[in-house]
Amino acid sequence: MGLILAPLKKEKVNAWKDWAKSFSGEQSQAFNEFNKKHGLTRHDAWLAETPDGPVVVVLHEGPGADNFMQSVAAADGPFENSFKEKVLEFHDMDISAPPPGPAPVKMISSD
C-alpha cells in the first residue's frame, strides 16, 4: 500500500476537483487502464483542509503500489505524461525526481 500527502496550491483547488471528477467521468476508462497498467487495484484521493492549506491524501493498493510513482515517472504514455503534468501543476511535485526529504517512517501498526 502506498500513501501520499501532497500539498495543493490554494488557487488550484477548483481545477484539481474538476480533474479528479474526470477520473469517474470522461477519463474513467483511461484512468482504469492506467491503474491496471501500473498494478493498482485501488487508487483513491481525498481533499483535506489543514491550517496550512489544502492537502490531497492519495491511497494506492495493489501489487504495483510500492513502486507506483517510479513506474509512472518512467512511463511515456499520453495518460502518464498528462498525469505528471497535472501533478506538477497542482502540487509542485516532479514525480520524475526523487521526493524531497526522508521517506515516512511507520510508527504504529495494528498488524
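For an R0 of 25 angstrom, estimate the FRET efficiency from the Cβ-Cβ distance between Ala20 and Lys106 and round to the nearest 0.05.
Working from the Cβ atoms, E equals 0.40.
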*With all protein chains modelled, accessible area of Asp92 [1.4 Å, Å²]*: 110 Å²
*Quick one: Karplus J couplings for the stretch 46-52, per residue in order, coefficients 6.51, -1.76, 1.60, θ = phi - 60°, nearest Hz, x for Gly and Pro?*
10, 9, 10, 9, 10, x, 8
*asked:* Which of the three applies to the chain, rounded, prolate or oblate, going by the alpha-carbon gyration tensor with a ≥ b ≥ c and a/c under 1.5 meaning rounded?
replied: rounded
*Unsatisfied cross-links (Cα-Cα over 21 Å) in the set Lys17/Lys84; Lys86/Lys106; Lys37/Lys106; Lys12/Lys106; Lys9/Lys106; Lys12/Lys84*: Lys86/Lys106; Lys37/Lys106; Lys12/Lys106; Lys9/Lys106
*Accessible surface, 1.4 Å probe, highest first, among residues Ser22, Ser28*: Ser28, Ser22
*Percent RCO, i.e. relative contact order, over the stretch 53-102, from Cα pairs under 8 Å lying at least 6 residues apart*: 27 percent
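Full extension from Leu88 to Arg42: what is 0.36 nm times the residue separation minus their Cα-Cα distance, to one decimal in nm?
Gain in length upon complete extension: 14.4 nm.
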_For the stretch 1-27 and the stretch 67-111, what is the centre-to-centre distance using only Cα atoms, to the nearest Å?_
14 Å
*asked:* For the chain, what does the helix formula give at 222 nm: sum of -39500 (n - 2.57) over DSSP H segments with n ≥ 4, over the residue count, nearest 500 deg cm²/dmol?
replied: -11000 deg cm²/dmol
*Using a cut-off of under 20 Å, list every residue of the stretch 38-61 whose amide N is near the label point 7 Å from the Cα of Lys12 along the Cα-to-beta-carbon line.*
44-60
*asked:* Rounded to the nearest 20 debye, what is the charge dipole size of the stretch 18-90 about its Cα centre when +1 sits on each Lys and Arg Cβ and -1 on each Asp and Glu Cβ?
replied: 220 debye
*Report His43's accessible area, 1.4 Å probe, all protein chains in place, as a number in Å² to the nearest 10.*
30 Å²
*Is the stretch 54-96 rounded, prolate or oblate when judged by the Cα gyration tensor, a ≥ b ≥ c being the square roots of its eigenvalues, rounded requiring a/c under 1.5 and prolate requiring a/b larger than b/c?*
oblate
*For the stretch 1-64, what class follows from the C-alpha gyration tensor (a ≥ b ≥ c being the square roots of its eigenvalues): rounded when a/c is under 1.5, otherwise prolate if a/b is larger than b/c, else oblate?*
oblate
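The values are calculated or read from the model by the stated rules, or taken from the named source; none is laboratory data. The model shown is predicted, which means the values in this text are computed figures rather than measured ones. Every residue, glycine among them, receives a Cβ derived from its backbone with ideal geometry; neighbour counts consider all protein chains shown. For accessibility, only protein heavy atoms count, side chains too; no ligands or nucleic acids. Shrake-Rupley method; radii C 1.70, N 1.55, O 1.52, S 1.80 Å.
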